[in-house]
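Peer 1: Take this structure, written in structure tokens, and hold onto it; I'll ask about it next.
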Amino acid sequence: MSEHEVTLTINGEKVTRSVEARTLLVHFIREDLSLTGTHIGCDTTSCGACTVLICGKPIKSCTMFAVQADGAEIETIESLAAGGELHPLQEGFWEKHGLQCGYCTPGMIMSAKGFLAENPNPTEDEIRHGISGNLCRCTGYNKIVEAIQYAAEKLQAADAGGE
Amino acid sequence: MIPAAFDYHSPRSLDEALSLLKQHAGDAKILAGGQSLIPAMRFRLAMPAILIDINRLNDLRYVEERGDHLAIGAMTREHALEDSSVVRRSYPLLHDTAVVIADPLVRNQATVGGNIAHADPANDHPATMLAYNATAVAKGPKGERTIPIDDFFTGLFENAMADDEILIEIRIPKPAANSGGAYTKLERKVGDYAISAAAVQLRLDGDKVAEARIGLTNVSAVPMRAKAAEAELVGKSISDAVVEAAGKAAAAECDPSPDLRGGVDYKRDITRVMVKRSIQRAVARAKGGK
Ligand SMILES: Cc1cc2nc3c(=O)[nH]c(=O)nc-3n(C[C@H](O)[C@H](O)[C@H](O)COP(=O)(O)OP(=O)(O)OC[C@H]3O[C@@H](n4cnc5c(N)ncnc54)[C@H](O)[C@@H]3O)c2cc1C
Ligand code: FES
Ligand code: FES
């Protein structure tokens, strides 16, 4: 069994922990760091409930070992509501009813955050492709797409205002 | 589910990775994107004693034309292929393939080298690389060697590399003038492996097909070329009858297994249709279309 010291930045905070090599990143985030907003929905890398951003890119944290994240910057759903104010994506899911049971929502939002950073003004089709690694059993996706459209518009307006 | 325990190494250079691999040959596995290996470890279908993680080898990430070929570093993420302007412009078959592999989250991690080294007939790159007549470049203790893609896939999940070799690069010959290629895949839902898929790369000489190579996905135990279908095309002028004959030849020569994605007859017929559609798009592209 091999133990490794891992130092990474998560939601802006630097943490150092000793982990067993086989610890999956999602278990490290949920159990060692007690950040339970990141969910686990499957055993087969299929559902995307575990999506987090690593150096800005959305990935499935159940399919990466925690040791591999040594030196990385990770963002989870807990980083979004800075100062208690909802992020435009969270607001969009609220306003457009983008969730029902909410199980897929953290993963959906982190995926959307990742692809909006690359493509701030996506078409509906691009949004649907962007979230195609995230499964939702409740909504039928239409409301999720509307929520992301809402957020994209709001983020763009904020960008334009800030210039 | 949690993988069995293993020792973990994260080499900072290719030489270090190679010497670790040599030291532990037989017990160690390379960890690339992990999108095939980690799921297999979680089900304990794979229980390597040692993992050599090559994700820090940033020198193995590139997609660029060099001389007569496109060179793809083994650690290039699938997502980088989607974004590459040279791929978009000159390698439409590769671009078609990259965008239908798994889903965007998996593609942010999965690597081109891993997709090929895994030698899974369900993976999409093997068929595409067979159609392109690509070359794999492996490096081991004795140095580098090239392996023609026709010799690379030796069995289900088995390739022609030795235990102490690492796949470092894939080379795709630059398509000649009047060439075109296309990949057509049928999947049950976005992100799934193919029910069947066909990769076609061909070159026209006037009205006639001068050269054609066809690779098939997920309809055989080992990634395969549809050689009978190729023979139906070469030397002929493209017509509906010729395209149909090639599709039928592929349906006859493939060897699918029945599973949740369908029975044998269904998969053969889908193969016929995938091959036909890929030929039609490849021909259109060879003539300058999209
Ligand atoms: C939900 C899901 C859906 C998927 N759907 C598809 C799909 O539709 N089409 C498709 O093509 N793939 C699909 N995949 C597989 C995915 O593309 C894999 O990532 C890919 O097959 C392997 O690449 P990797 O970099 O993740 O390799 P890893 O999982 O890290 O490695 C796979 C194997 O190759 C070996 N290996 C890796 N790199 C090297 C190297 N450089 N030298 C020597 N050996 C090496 C490893 O030791 C291991 O045995 C899917 C995966 C998931 C989880
Ligand atoms: S938990 Fe389902 S993809 Fe990670
Ligand atoms: S809201 Fe229930 S799974 Fe998406």
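Peer 1: With each pseudo-label sitting 7 Å past Cα toward Cβ, what's the residue B:187-residue B:158 distance in nm, one decimal?
Peer 2: 2.9 nm
Peer 1: Starting from the amide H of residue B:50, placed 1.01 Å from N in the peptide plane, find each other amide H under 5 Å away whose residue is 5 or more places distant or on another chain.
Peer 2: Under 5 Å from the amide H of residue B:50 lie the amide H atoms of B:7, B:29, each far enough along the sequence or on another chain.
Peer 1: Looking only at B:23, B:201, B:109, which one moves most when chain B is put into a Gaussian network model with springs between Cα atoms under 10 Å?
Peer 2: Of B:23, B:201, B:109, the Gaussian network model singles out B:23 as fluctuating most.
Peer 1: So for B:165, B:158, A:31, A:146, what's the accessible-area order with a 1.4 Å probe, most first?
Peer 2: A:31, B:158, A:146, B:165
Peer 1: Mark the label point 7 Å from the Cα of residue A:9 along Cα→Cβ and return the residues of segment A:31-58 whose backbone N is within less than 14 Å of it.
Peer 2: A:54-57
Peer 1: Can you find, among B:278, B:199, B:117, the residue sitting farthest towards the positive end of the charge dipole of chain B, where Lys and Arg contribute +1 and Asp and Glu -1 at Cβ?
Peer 2: The listed residue farthest towards the positive side: B:278.
Peer 1: Working only with C-alpha atoms, what are the Rg and Dmax values of segment B:60-173, expressed in angstrom?
Peer 2: For segment B:60-173, the Cα radius of gyration and maximum Cα-Cα distance read 13.0, 37 Å.
Peer 1: Another question, then. Translational diffusion coefficient, Stokes-Einstein: compute it for chain A using the Kirkwood radius over C-alpha pairs as Rh, at 4 °C and 1.567 mPa s, and state it as an integer in µm² s⁻¹.
Peer 2: Reported coefficient: 80 µm²/s.
Peer 1: Shifting gears a bit: At a probe of 1.4 Å, how much accessible area disappears from chains B and A on forming the pair, both sides counted, to the nearest 100 Å²?
Peer 2: Working: alone 13050 and 8800 Å², together 19300 Å².
Result for this pair: about 2500 Å² buried.
Peer 1: Something else now. Tell me the Kirkwood hydrodynamic radius of chain B in angstroms, computed as one over the mean inverse distance between distinct C-alpha pairs. Spell out each step's value before the answer.
Peer 2: Values: mean 1/r = 0.0518 Å⁻¹.
The Cα-based Kirkwood calculation yields 19.3 Å.
Peer 1: For the pair residue B:47 and residue B:12, what calculated FRET efficiency results from E = 1/(1 + (r/R0)^6), where r is the Cβ-Cβ distance and R0 = 22 Å, to the nearest 0.05?
Peer 2: Step by step, r from the Cβ atoms, then E = 0.25.
Peer 1: Based on Cβ point charges of +1 for Lys and Arg and -1 for Asp and Glu, what charge dipole magnitude is obtained for segment B:65-195 about its Cα centre, in debye rounded to the nearest 20?
Peer 2: 360 debye
Peer 1: Shifting gears a bit: Choose one answer from A:151, A:82, A:21: the residue with the largest mean-square fluctuation in a GNM of chain A with alpha-carbon springs under 10 Å.
Peer 2: A:82
Peer 1: Between A:94, A:122, A:138, whose Cα lies farthest towards the positive end of the dipole of segment A:1-144 when Lys and Arg beta carbons carry +1 and Asp and Glu beta carbons carry -1, centred on the Cα centre?
Peer 2: A:138
Peer 1: Give the value in nm², to one decimal: projected area of the alpha carbon convex hull of segment A:3-79, averaged over all directions.
Peer 2: It is 4.4 nm².
Peer 1: Ok, one more. Which three semi-axes in whole Å describe the equivalent ellipsoid of segment B:171-237, each the square root of 5 times a Cα gyration tensor eigenvalue, listed largest first?
Peer 2: Gyration-tensor ellipsoid for segment B:171-237: 25, 13, 11 Å.
Peer 1: Taking the inverse of the average 1/r across all pairs of different Cα atoms in the protein assembly as shown, what Kirkwood radius in Å do you get? Walk me through the numbers before you get to the answer.
Peer 2: Details: mean 1/r = 0.0432 Å⁻¹.
The Cα-based Kirkwood calculation yields 23.1 Å.
Peer 1: So what are the ³J(HN,Hα) numbers for segment B:69-84, from phi and the Karplus equation (6.51, -1.76, 1.60; θ = phi - 60°), rounded to whole Hz, Gly and Pro as x?
Peer 2: So the Karplus estimates, Gly and Pro as x, are 9, 8, 9, 10, x, 4, 8, 5, 6, 3, 4, 5, 5, 4, 7, 6 Hz.
Peer 1: Ok, one more. Each residue of segment B:183-199 in order: what ³J(HN,Hα) in whole Hz does its phi give by Karplus 6.51 cos²θ - 1.76 cosθ + 1.60, θ = phi - 60°, with x for Gly and Pro?
Peer 2: 3J(HN,Hα) across segment B:183-199, in whole Hz: 10, 10, 10, 10, 10, 5, 8, 3, x, 8, 5, 5, 6, 7, 8, 10, 10.
Peer 1: For segment A:1-132, what relative contact order do you get, as a whole percent, if you take Cα pairs closer than 8 Å and at least 6 residues apart?
Peer 2: Contact order relative to length: 26 percent.
Peer 1: Under the definition of Cα pairs under 8 Å and six or more residues apart, what whole-number percent is the relative contact order of segment B:21-83?
Peer 2: It comes to 28 percent, rounded to a whole number.
Peer 1: Nearest 500 deg cm²/dmol is fine: what mean residue ellipticity at 222 nm does the protein assembly as shown get from its DSSP H runs of n ≥ 4 alone, each adding -39,500 (n - 2.57), divided by its residue count?
Peer 2: -9500 deg cm²/dmol
Peer 1: Just grab the label-to-label distance for residue B:122 and residue A:34, each label 7 Å out from Cα along the Cβ direction, in nm (one decimal).
Peer 2: The two pseudo-label positions are separated by 4.0 nm.
Peer 1: Roughly what angle does helix A:142-162 make with the longest principal axis of chain A, taking Cα atoms, 0 to 90 degrees, to the nearest 10?
Peer 2: 90 degrees
Peer 1: Let me ask something else. What full-extension length gain, to one decimal in nm, is calculated for residue A:125 and residue A:159 as 0.36 nm per residue of separation minus the Cα-Cα distance?
Peer 2: Gain on stretching residue A:125 to residue A:159: 9.9 nm.
Peer 1: Could you identify which residue out of B:121, B:173, B:141 has the top mean-square fluctuation in a GNM of chain B using Cα springs shorter than 10 Å?
Peer 2: For chain B, modelled as a Gaussian network with Cα springs under 10 Å, the answer is B:141.
Peer 1: Now for a different question. Tabulate in residue order the Karplus-calculated ³J(HN,Hα) for segment B:234-240, using 6.51 cos²θ - 1.76 cosθ + 1.60 with θ = phi - 60°, rounded to whole Hz; enter x for Gly and Pro.
Peer 2: Per-residue couplings from phi come out as 5, x, 9, 7, 6, 9, 4 Hz.
Peer 1: Is there a pair in B:174/B:276; B:185/B:290; B:236/B:276; A:60/A:96; A:57/B:139 whose C-alpha atoms are over 20 Å apart, and which pairs would that be?
Peer 2: The pairs that break the limit, which is 20 Å between Cα atoms, are B:174/B:276; A:60/A:96; A:57/B:139.
Peer 1: Over chain B, what is the relative contact order in whole percent, taking alpha-carbon pairs under 8 Å and six or more residues apart?
Peer 2: It comes to 16 percent, rounded to a whole number.
Peer 1: Next question. For a quick check: with amide H placed at 1.01 Å from N, whose amide H comes under 5 Å from residue B:76's, ignoring anything fewer than 5 positions away on the same chain?
Peer 2: Those qualifying (amide H under 5 Å, at least 5 residues apart or on another chain) are B:62, B:112, B:113.
Peer 1: log10 I(q)/I(0), Debye, Cα-only segment B:157-286, no solvent, q = 0.10, 0.17, 0.19, 0.21 Å⁻¹?
Peer 2: Here the Debye-derived log intensity ratios amount to -0.34, -0.88, -1.02, -1.15.
Peer 1: Based on alpha-carbon atoms only, what is the radius of gyration of segment B:7-53 relative to the globular estimate 2.2 N^0.38 Å? Write out the running numbers ahead of the final one.
Peer 2: Values: Rg = 10.6 Å, N = 47, 2.2 N^0.38 = 9.5 Å.
Ratio of Rg to 2.2 N^0.38 Å for segment B:7-53: 1.12.
The values are calculated or read from the model by the stated rules, or taken from the named source; none is laboratory data. Being a predicted model, the structure only gives us computed values, none of them experimental. For neighbour counting, all protein chains shown are included, and Cβ atoms are generated from backbone atoms with ideal geometry for every residue, glycine included. For accessibility, only protein heavy atoms count, side chains too; no ligands or nucleic acids. Shrake-Rupley method; radii C 1.70, N 1.55, O 1.52, S 1.80 Å.
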